[in-house]
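Following: one structure in structure tokens, then a few remarks.
Coordinate-derived values only; no laboratory data. Because the structure is predicted, anything quoted here is derived from the model rather than measured. When we count neighbours, we look across all protein chains shown, and the Cβ atoms used for this are built from the backbone with ideal geometry, even at glycine.
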Amino acid sequence: MFSAGAFLQAMIPLYVMVAIGLGARKINILSDHANQVITQLMLYITLLALILFSFVDDVNW
């Protein structure tokens with residue numbers, strides 16, 4: 001059974017990271033180039049890691 005505490009424990013750090021990113025962008029700590037680099041990082045590295053992890057997690061060794 002899924003509890004609300006586990007849900008909040010997973011979601012609160014995500015919302016905190018989003019808020020930090022939005023705040024940094026709003027006060028111009030992150031430039032447009034930094035935004036592009038972070039987007040590429042998310043697409044090429046993080047997404048690949050997620051795909052590989054989900055594949056390895058489903059395989060029964």
Original post:
Given the structure, is Ile29 of a type in the set (Val, Ile, Thr), over 12 Å from the mean Cα position of the chain (by Cα), on the phi < 0 side of the Ramachandran plot and surrounded by 10 or more Cβ atoms within 10 Å (Cβ to Cβ)?
Top reply: yes
Subject >> Which numbered condition Ala10 misses (of (1) part of a helix (DSSP H, G or I); (2) touching a helix residue (DSSP H, G or I) at 6+ places or on another chain (Cβ under 9 Å); (3) of a type in the set (A, V, I, L, M)) >> reply: (2)
